[in-house]
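I have placed the structure first, in the form of structure tokens, so that the comments after it can refer back to it.
The values are calculated or read from the model by the stated rules, or taken from the named source; none is laboratory data. Not measured: the values here are computed from a predicted model. Here the Cβ positions follow ideal geometry from the backbone for every residue, glycine too, while neighbour counts run over all protein chains shown. What goes into the accessible areas is simple: the full protein's heavy atoms, side chains included, and nothing from ligands, DNA or RNA. Shrake-Rupley method; radii C 1.70, N 1.55, O 1.52, S 1.80 Å.
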Amino acid sequence: MIKDINIAVIGLGYVGLPLARLFSTKFKTIGYDLNKKRVDTIMSGHDNTLEISDSLLKEAIDKGFKCTSEINDIKECNLYVVAVPTPVDKNNRPDLTPLINASKTVGTVIGRGDIVVYESTVYPGVTEEECIPVIEQVSGLKYNVDFFAGYSPERINPGDKTHTVEKIKKVTSGSTPETADFIDNVYNAVLTNGTHKAPSIRVAEASKIIENSQRDVNIAFMNELAKIFNAMGIDTHDVIEAASSKWNFIKLSPGLVGGHCISVDPYYLIQKAQVYGIMPRIMSNSRRLNDGMGEYVANQTIKLMNKKGVLVKNAKILVLGFTFKENCPDIRNTKVIDIYHTLKEYTDNITICDPWADSDRVSAEYGIETIKNIPTDTTYDAIILAVAHKEFAELDLRALAGENGVIYDVKGVADRKIVDGRL
């Protein structure tokens, strides 16, 4: 196998950049991304996803880590790691376009004896049935004769400063036993908690897709319970606390399911299952239920306003938070947008405040305005605490809502004495 390892990581988002930086601590590594602006920002010493601190990034760059948008810069590499997004289209069907394009890129630079490893989340079979044929066609090389492949699914949790990439136990796999051993050794060289070597690429692909699907199903169950107990006038969080006193109860909370993983990945397995004649009803129903929680939160808020005699039409409403999770700038697939669209049917006086979200990106991707500074010079007819950013922890929500304004707590973190409703 390869003696002098030169790694190219293709795709420098939430997954690719932290991985490339980590590889650079042991191997010669270069990051590649089509977005020149993103590359220039990284090379200036800043990661606007906030996954890597400026000091850590600068240290890596000072030691030779480089990022580029020039394909010629990665031609001398011999281990290519693909970490591009795997989104769904407007009908929730898997969109492999970024993966296919990345495979074309690999095909133009891969040489004899080289290895390509995919990290993007996919359904079983994508690596060898969709991606490898593209590389073969572009490169003119033959799979498992001239070049080899592996799959090591990403496990990045955006905003999580505890389970960082170097601490994650990684699943690895390879297209031949020798390739699998080599890839496993490369990853083990930079990981503190080691790896799990899967028996095949398809097993590794399947293991990743069920990680997020399982969490989606579990959260959907909690969201369904929240709907049931809210209708009964029982606090769901009290129920969960009581149930979690049993040793084998899995403690999760209801909430909005957004982001690029849990709200997207299950669709990949749902579609592939149907190809085999299996209708994955639990997964499909869970997706529908979780996708509807933004609308549910908005309607619950409207219901509470009606009960309090607060006029919904043209009401002044403050939504706290827009990113898909707390203390993180990631706005991908945020379900707060569904809260906004539902409320927009009744009023145009909606203010969305998020100190973490990039207002320009929100405007470009969702067509709405957000502000970073919390307005405290006025009161609101309703306040929805949608995301538990640390900046919101000390807010006097009751003062912002006035005596009669409605406060709805999506995350269940505010003082229960002042809120009118929560999931």
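Residues in the range 305-325 that are in contact (Cβ under 8 Å) with a residue 40 or more places away in the chain, at negative phi and over 36 Å from the mean Cα position of the chain (by Cα): Lys308, Val310, Leu311.
The single condition among (1) in contact with a helix residue (DSSP H, G or I) (Cβ under 7 Å, 6 or more places away or on another chain); (2) in contact (Cβ under 8 Å) with a residue 24 or more places away in the chain that His237 does not meet is (1). All of (1) surrounded by 17 or more Cβ atoms within 10 Å (Cβ to Cβ); (2) modelled with pLDDT of 95 or more; (3) over 24 Å from Ala386 (Cβ atoms) hold for Trp247 with one exception: (1).
Evaluating Gly294 against the criteria (1) part of a helix (DSSP H, G or I); (2) of a type outside the set (Ser, Thr, Tyr); (3) surrounded by fewer than 21 Cβ atoms within 10 Å (Cβ to Cβ) leaves one unmet condition, (3).
Take the residues of the range 112-142 that are in contact with a Ser or Thr (Cβ under 7 Å, 6 or more places away or on another chain) and more than 23 Å from Arg93 (Cα to Cα): which is surrounded by the fewest Cβ atoms within 10 Å (Cβ to Cβ)?
Selected residue: Val138.
Scanning the range 316-354 for residues that are among the acidic types (Asp, Glu), over 15 Å from Ile262 (Cβ atoms) and either open to solvent by less than 10 Å² (accessible area, probe 1.4 Å) or in a strand (DSSP E or B) (or both) turns up just one, Asp354.
Considering (1) surrounded by 21 or more Cβ atoms within 10 Å (Cβ to Cβ); (2) in contact with a strand residue (DSSP E or B) (Cβ under 7 Å, 6 or more places away or on another chain); (3) of a type outside the set (Gly, Ala, Ser), the lone condition that Arg287 does not fulfil carries the number (2). Residues that are touching a residue at least 12 places away in the same chain (Cβ under 8 Å) and part of a helix (DSSP H, G or I) were ranked within the range 69-97; the one that is surrounded by the fewest Cβ atoms within 10 Å (Cβ to Cβ) is Ile71. Considering the range 10-38, the residues that are of a type in the set (Ser, Thr, Tyr) and buried (at least 24 other Cβ atoms within 10 Å of the Cβ) include one that is nearest to Asn48 (Cα to Cα), namely Tyr14.
One line per residue, one yes/no per condition, for (1) open to solvent by 40 Å² or more (accessible area, probe 1.4 Å); (2) at positive phi; (3) among the small types (Gly, Ala, Ser):
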position	(1), (2), (3)
Asn212	no, no, no
Glu224	yes, no, no
Ile228	yes, no, no
Ala231	yes, no, yes
Asp238	yes, no, no
Lys251	yes, no, no
Pro254	no, no, no
Val257	no, no, no
Asp265	no, no, no
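Counting only residues that are in contact (Cβ under 8 Å) with a residue 60 or more places away in the chain, touching an Asp or Glu at 6+ places or on another chain (Cβ under 7 Å) and open to solvent by less than 10 Å² (accessible area, probe 1.4 Å), the range 171-210 holds 2 of them. Say whether the condition of being touching a Pro at 6+ places or on another chain (Cβ under 8 Å) and either more than 18 Å from Glu166 (Cα to Cα) or open to solvent by less than 70 Å² (accessible area, probe 1.4 Å) (or both) is met by at least one residue in the range 51-68. Yes: the range 51-68 contains one or more residues that are touching a Pro at 6+ places or on another chain (Cβ under 8 Å) and either more than 18 Å from Glu166 (Cα to Cα) or open to solvent by less than 70 Å² (accessible area, probe 1.4 Å) (or both).
Would you mind stating whether Thr164 is under 18 Å from Lys26 (Cα atoms) and open to solvent by 10 Å² or more (accessible area, probe 1.4 Å)? Yes: the conditions hold for Thr164. One residue stands out among those in the range 273-291 that are part of a loop (DSSP other than H, G, I, E, B) and not aromatic (Phe, Trp, Tyr): the one that is nearest to Ala357 (Cα to Cα), which is Pro280. One residue alone among Thr29, Thr41 is outside any loop (DSSP other than H, G, I, E, B) and closer than 16 Å to Val82 by Cβ, and that residue is Thr29. Of all residues in the range 359-395, those satisfying the criterion of being outside any helix (DSSP H, G or I), more than 20 Å from Ala315 (Cβ to Cβ) and open to solvent by 70 Å² or more (accessible area, probe 1.4 Å) are Lys372, Asn373, Ala393, Glu394.
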